[in-house]
Amino acid sequence: MPLKIAIVGAGIGGLSAAAALRLAGHHVEVFEKSQFLSELGAALVVAPNGIRVLTALGFSCENARSKPQSCFELRDGRTFDSVASFDLTEQRFDAPLHTMQRADLHGELHRIATMELPGLPDIMLHLGRKVLTVEPAAGILHLEDGSSVEADLIIGADGLHSILKPLVLEGHPQPPFKTGLSAFRFQIPTESVRDDQDYVSLVAKKGHGPSILADTSDENTAVHMVWYDCQKKAPKITKWPLNIHKPITHWTRGKVLLIGDAAHPVGLKTPFSVDVVA
Ligand SMILES: Cc1cc2nc3c(=O)[nH]c(=O)nc-3n(C[C@H](O)[C@H](O)[C@H](O)COP(=O)(O)OP(=O)(O)OC[C@H]3O[C@@H](n4cnc5c(N)ncnc54)[C@H](O)[C@@H]3O)c2cc1C
């Protein structure tokens, strides 16, 4: 029997869940607090397991401006020689690995969630509608605009700072704790490095896929990454403090189910959460 399902959050997890549940014949409404104007421009790796799920939902990597990658490699940051390489060709995992811009991934998920499918109900996507709280036993959402919505199932896909998570944990929030480590993220337009000799030699050697450049002169393997000179050409550098979240004891309460970062946020050892939420 088709259920009435309300999803809180139209991020990567919320839109993927909406598309999958509509394919199963359910009536899905998604409540998103933002207007989608500030999707982060980070680059993401989507591993073969994630690609298999996205493909089944009708996701087009071509629309997301992404081509398959054939390897994931570790290279010596000084010589660019190969240290280790992981074969990611399609034959091995039944699907390729892709890299894509987060905004493109989100844009394509938005397309598949909002397209009409003959014989299936439309997904109702409400932007600018913030959920303030829910009643897990009754399955009722209360929104900032004063309205309330009743559903058979409420999916909390409201990300790292989920408001549904403390309700599911019944007032025993398990906040993240600091590792003291940070990651740095930056993107450089190809035009800024096209004539750079280091870039030219790296491109001549590297395989077709993401590469990690290791500082092999550094004996501390925990910080074995190259803080490469090209960061000087980066228009913007973002620092991400790395926090650890203990696994939460349960993901459901009453009619509420947590998914994505609300249930198992990206942590020091779980870098590929898109694949988990998809
Ligand atoms: C810098 C960075 C790099 C990453 N790199 C990778 C990578 O390479 N590969 C990978 O697989 N993963 C990566 N991840 C992790 C991945 O981006 C997340 O795991 C994934 O986006 C989680 O999706 P989500 O839908 O659970 O949450 P989100 O994408 O955060 O979406 C939550 C949504 O809920 C909405 N919302 C929140 N509260 C409310 C409310 N009260 N009412 C209504 N709407 C609400 C928000 O506006 C948002 O749209 C990275 C994450 C970061 C931060």
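Every number here is computed from the coordinates shown, using simple stated rules; none is lab data. It should be emphasised that the depicted structure is a prediction, and the values quoted were computed from it without experimental measurement. Cβ: placed from backbone, ideal geometry, glycine included. Neighbour counts: every protein chain shown.
For residue 15, the requirement of being more than 10 Å from the ligand (Cβ to nearest atom) and on the phi < 0 side of the Ramachandran plot is not met. Here residue 35 clears all of (1) touching a helix residue (DSSP H, G or I) at 6+ places or on another chain (Cβ under 8 Å); (2) within 14 Å of the ligand (Cβ to nearest atom); (3) in a loop (DSSP other than H, G, I, E, B) except the condition numbered (1). Please go through the stretch 75-131 and give me each residue that is among the hydrophobic types (A, V, I, L, M, F, W, C), surrounded by fewer than 20 Cβ atoms within 10 Å (Cβ to Cβ) and out of contact with any Lys or Arg (no Cβ under 8 Å at 6 or more places or on another chain), ordered by number. If the condition is that a residue be among the hydrophobic types (A, V, I, L, M, F, W, C), surrounded by fewer than 20 Cβ atoms within 10 Å (Cβ to Cβ) and out of contact with any Lys or Arg (no Cβ under 8 Å at 6 or more places or on another chain), then 84, 86, 93, 103, 115, 124, 127 are the ones that fit. For residue 68, the conditions (1) more than 12 Å from the ligand (Cβ to nearest atom); (2) crowded, with 17+ Cβ neighbours inside 10 Å; (3) within 30 Å of residue 162 (Cβ to Cβ) are fulfilled apart from (3).
Picking from residues in the stretch 141-163 that are closer than 14 Å to residue 34 by Cβ and within 15 Å of the chain's Cα centre (by Cα), the one that is farthest from the ligand (Cβ to nearest atom) is 161.
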